[in-house]
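**Q** Sharing a structure, written as structure tokens. Questions coming.
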Amino acid sequence: MQDMVVRHFRAIRGNTKFKYSVLVVIIEANNNAFVADMLSRVVSTHEFQPVYVVSVDPKNMGRAGVYTTTQKPLYAEHLQRAFPFNVVLYKDFISKASESNKRKMKQQLLNFRRYLKPPAVPGSAPPREIISGKGHNMEDDVVMCYAMYLYWSYFIIRQEDFIETMRKHRWSLNPEFVVPL
């Protein structure tokens, strides 16, 4: 995984449009804080600077990454607000799998739903909220990453430590890549 991340970041920095861009990195840390910490160290090396790793540790243990299980309803809310006209501008700057990713994104957005699932035994537990872009034999990785991006970009540009880091390093936001909600 580490080699794949390094290759991807080198490809991003190899693109002249992103050579000096501030990379805001969101690492999911739900299942493995060790891997999230390792990836945070990998992307924070001098080679890839400037980089800002988003870290929101609900247990305040100083761990890298974000824990998404409690945030899914907020992701869904931001995703729903982002599409008042059911239109997506999709631009893949890095990947060679652009057409495949476009198809995945479209299908997963069409499958995206939010619903309450009743318990197996009525009355044994409250209904669970299900948020997914999965379809028959499909994953929802692309749409959930997009939803995470929408939520965390909205969240992070309002954080005092991010704003202070921007001032300190004289970073500026490129409006082409910021999605206001």
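Quick note: the coordinates plus some simple rules give every number you see, no bench work behind them. This structure is a prediction, so every number in the text was calculated from the model and none was measured. Because the Cβ atoms are built from the backbone with ideal geometry, glycine has one as well, and the counts that use them run over all protein chains shown.
**Q** Binning at 5 Å from 0, report for the range 114-176 what percent of all alpha-carbon pair distances ends up in each bin.
**A** Bins of 5 Å from zero give 4, 13, 13, 15, 12, 11, 10, 8, 6, 4, 2, 0 percent of pairs.
**Q** While we're on this one: Using only the Cα atoms of the range 1-67, each taken as one equal point scatterer with no solvent, compute I(q) by the Debye sum, divide by I(0), and report log10 of the ratio at q = 0.14, 0.16, 0.19, 0.26 Å⁻¹.
**A** -0.41, -0.52, -0.71, -1.13
**Q** Right, next: What number comes out for the charge environment of Cys145, summing +1 per Lys or Arg and -1 per Asp or Glu over other residues with Cβ under 12 Å away? Mind showing how you got there, number by number?
**A** Numbers: positive: Lys104; negative: Glu28, Glu139, Asp140, Asp141.
With Lys, Arg at +1 and Asp, Glu at -1, the net is -3.
**Q** Under 19 Å from a point placed 7 Å out from the Cα of Lys17 along the Cα-to-Cβ direction: which residues of the range 136-154 have their backbone N that close?
**A** 146, 149-150
**Q** Would you mind computing, in nm to one decimal, how far apart the modelled labels at Arg128 and Gln2 are, each placed 7 Å from Cα along Cα→Cβ?
**A** Distance between label points: 3.4 nm.
**Q** Additional query: Could you check what % of the DSSP bridge pairs in the chain are antiparallel, to the nearest 5? Walk me through the intermediate numbers first.
**A** Numbers: 5 of 12 bridges.
Around 40 percent antiparallel, to the nearest 5.
**Q** Translational diffusion coefficient of the chain at 37 °C, 0.692 mPa s, Stokes-Einstein with Kirkwood Rh over Cα pairs, in µm²/s as a whole number. Don't skip to the answer; put the middle values down first.
**A** Values: Rh = 18.2 Å.
The diffusion coefficient I find is 180 µm²/s.
**Q** If you take every residue apart from Ser132 with its C-beta less than 13 Å away from the C-beta of Ser132, what net charge results, scoring Lys and Arg +1 and Asp and Glu -1? Walk me through the intermediate numbers first.
**A** On the way: positive: Lys72, Arg113, Arg114, Lys117, Arg128, Lys134; negative: Glu129, Glu139, Asp140, Asp141.
Cβ neighbours under 13 Å give a net charge of +2.
**Q** While we're on this one: Summing Lys, Arg as +1 and Asp, Glu as -1, what charge do residues with Cβ under 15 Å from the Cβ of Ala29 carry, Ala29 excluded?
**A** +1
**Q** Moving on. Given charges of +1 on the Cβ of Lys and Arg and -1 on the Cβ of Asp and Glu, with all other atoms neutral, how large is the dipole of the chain about its Cα centre, in debye to the nearest 20?
**A** Details: 25 positive and 16 negative charges, 76 e Å.
Using only the charged Cβ atoms, the result is roughly 360 debye.
**Q** Then there is this: To the nearest 500 deg cm²/dmol, what mean residue ellipticity at 222 nm is calculated for the chain from DSSP H runs of n ≥ 4 alone, each contributing -39,500 (n - 2.57), summed and divided by the residues?
**A** Working: 6 runs with 75 residues, N = 181.
For the chain, the value works out to -13000 deg cm²/dmol.
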